[in-house]
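Everything on this sheet refers to the single structure shown next.
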Amino acid sequence: MSSLVALYLFLLVVVGAVAAWKRYNRPAAEPPPSRQPPPEADPPLDVDPIVAAGRAVKDLYEEAPSPASLERNPEFQEVARRLADGPTSTSDLLGAAHGDELLPAMAALGALALRPPDPEVHQRLRDAINRFHPWNRYFRLRVLHAWTPAPAPLLPELLGRLDGHWAEEPWYAIFGDFVRLRLDA
């Protein structure tokens, strides 16, 4: 039985890597026209910074063909940086990452990736690796990657935690991208 699980996981990684390779080797689409940079002003005091960050990434999310393209978007990076540098606690960012709202969750995970590692949050992110929307999972993996510099092992532990959803599209492509990222590091 154990060798069957290992074979399944190996095939999952191979299929994900092939899908990711195909996606990255297709011709790039023209970038969308540049919008005005996000305002530098702080949100009004009655608006939670995480909610404001979620609102700020709404249009970016709707235009992005993949979570990787959203992550690379300079406007998203700026929103994540401002949230990471702001007064919002790591605990509040984790709460948003585990919340029901996708846009604030992605902004919060983008901010967490820019903050110093927190062992408790790191563990809670690993424990919840099988929960949430695929894009949320993508950003969750990016936080784990940022907080676990190579050559520290991360893949073996994650492989042991994955559920059956990771064998389906788009999860296997997201994990295949992550495997390549870890192997390239």
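Taking the stated definitions as given, is L114 at pLDDT 90 or above, more than 18 Å from A68 (Cα to Cα), in contact with a Lys or Arg (Cβ under 9 Å, 6 or more places away or on another chain) and not charged (D, E, K, R)?
The answer is no for L114.
Pairs needed: first member in the stretch 69-89, at pLDDT 95 or above and assigned to a loop (DSSP other than H, G, I, E, B); second member anywhere, surrounded by fewer than 20 Cβ atoms within 10 Å (Cβ to Cβ) and small (G, A, S); C-beta distance under 8 Å; at least 6 residues apart or different chains.
These pairs meet every condition: N73/A64.
Output the residue which, of all residues in the stretch 126-154 that are over 19 Å from A68 (Cα atoms) and aliphatic (A, V, I, L, M), is surrounded by the fewest Cβ atoms within 10 Å (Cβ to Cβ).
Residue satisfying both the conditions and the ranking: A152.
Condition first: of a type in the set (A, V, I, L, M, F, W, C) and in contact with a Pro (Cβ under 7 Å, 6 or more places away or on another chain). Now tell me which residues in the stretch 82-128 satisfy that.
Of everything in the stretch 82-128, those that are of a type in the set (A, V, I, L, M, F, W, C) and in contact with a Pro (Cβ under 7 Å, 6 or more places away or on another chain) turn out to be L83, A96.
Looking only at residues in the stretch 159-171 that are more than 14 Å from the chain's Cα centre (by Cα) and buried (at least 16 other Cβ atoms within 10 Å of the Cβ), which one is nearest to D127 (Cα to Cα)?
Checking each candidate, the answer is L162.
Taking the options E62, E30, name whichever one is at pLDDT 95 or above, within 30 Å of W171 (Cβ to Cβ) and exposed (fewer than 12 other Cβ atoms within 10 Å of the Cβ). Working first, answer last.
On the way: E30 fails: at pLDDT 95 or above.
On inspection, the qualifying residue turns out to be E62.
Is it fair to say L109 is closer than 19 Å to K58 by Cβ, surrounded by 14 or more Cβ atoms within 10 Å (Cβ to Cβ), among the aliphatic types (A, V, I, L, M) and touching a Lys or Arg at 6+ places or on another chain (Cβ under 9 Å)?
yes
So which residues in the stretch 46-68 are of a type in the set (A, V, I, L, M, F, W, C), more than 21 Å from D118 (Cα to Cα) and assigned to a helix (DSSP H, G or I), if there are any at all?
Residues satisfying the conditions are V51, A52, A53, A56, L60, A68.
The values are calculated or read from the model by the stated rules, or taken from the named source; none is laboratory data. Note that the structure is a prediction, hence the values are computed from the model and not measured. Here the Cβ is made from the backbone with ideal geometry for all residues, glycine too, and neighbour counts use every protein chain on show.
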